[in-house]
Amino acid sequence: MNLVWITGGSSGIGFATAKKFLNNNWKVVISSRNNEKLLIAKNLILKTEDNKELYCYQCDISDRNQVIDVVEKITKNLGDINLAILNAVAYSPNKSQGFIIENYNHLINVNLNGTLYCIESLIKKMSDNNGHIAIISSPVGYRGLPTAGAYGLTKAGLTNLAESLYFDLKKNNIKISVVNPGFIESESTNLNSFKMPFLKSAEYAANKIFKGLTGSYKFEIYFPWFFLMLLKIFRILPYKLYFYLIKKITKL
Ligand SMILES: NC(=O)c1ccc[n+]([C@@H]2O[C@H](COP(=O)([O-])OP(=O)(O)OC[C@H]3O[C@@H](n4cnc5c(N)ncnc54)[C@H](OP(=O)(O)O)[C@@H]3O)[C@@H](O)[C@H]2O)c1
């Protein structure tokens, strides 16, 4: 039975993805900071699934020692990690557009440093078993957007990191993928006050992630297709046109 470790598996996309993998006969480990929330998530999932191979490990990914410890525990107690979905996130929409340094530091600590700590521990464990690491990024990282400075910079960094590791991890026999979802219903997006175009459910995202990561290897998994194609076009526009259009669309 293959084993998947999902960080931030107690809610939103991580929760729905855990359910999807369990349903498809994977051994699943979910982790996040709040143990109570993790256990509630576990009980909810097990209510409807026959496969009971679902395990919870508390871990704050922004704490390097906790990450080293949890990867050690998972491999020792449950076996090799075949796939790691690095999904945990700190999110805070910066509605005021104020430059709040604490907000920047927090998001950098969790989204960037936390993901780096996970990759550091996984490389050591996965080199012998052809592992696969999937970084959940965001199209917000494709280009700068108003009010998204802190979140956007972490996601741009993650996408760039995945591109670099695509080359570097080949020698370790580790595959790397980056997942770029459009707007998905979750605790994070509940904080958004604007109307989210092409909003999809967490189950929709989980289906796309499962298919993308278990079929033939893909570097980037993105959805929904039409919205992401639009964003990819915006990615290659010259600055003058890009800034003009984003100002018009967002009115910010
Ligand atoms: N929803 C969207 O529209 C959307 C779009 C594009 C990309 N994404 C990406 O998809 C991923 C999942 O997003 P989501 O919207 O489903 O998130 P969510 O529902 O807000 O869930 C976030 C998860 O991360 C955990 N978490 C937060 N800080 C943590 C930390 N320091 N260490 C470990 N776990 C931590 C939370 O649990 P605890 O609080 O218990 O730690 C929770 O399980 C994120 O990487 C996000 O950037 C989402």
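Would you say LYS76 is within 11 Å of the ligand (Cβ to nearest atom) and among the basic types (Lys, Arg)?
no
Within the range 166-225, which residues are within 15 Å of the chain's Cα centre (by Cα) and of a type in the set (A, V, I, L, M)?
ILE176, VAL178, VAL179, ILE184, ALA202, ALA205, ALA206, ILE209, LEU213, ILE221, listed by residue number.
Can you work out which of the residues in the range 15-51 that are near the ligand (Cβ under 7 Å from one of its atoms) and under 20 Å from ASP80 (Cα atoms) is surrounded by the most Cβ atoms within 10 Å (Cβ to Cβ)?
Applying the filter and picking the extreme gives SER31.
No lab work stands behind these numbers, since they all come straight from the coordinates. Given the structure is predicted, the values throughout are model-derived calculations rather than measurements. Heads up, the Cβs are rebuilt from the backbone with ideal geometry, glycines too, and the neighbour counts pull from every protein chain shown.
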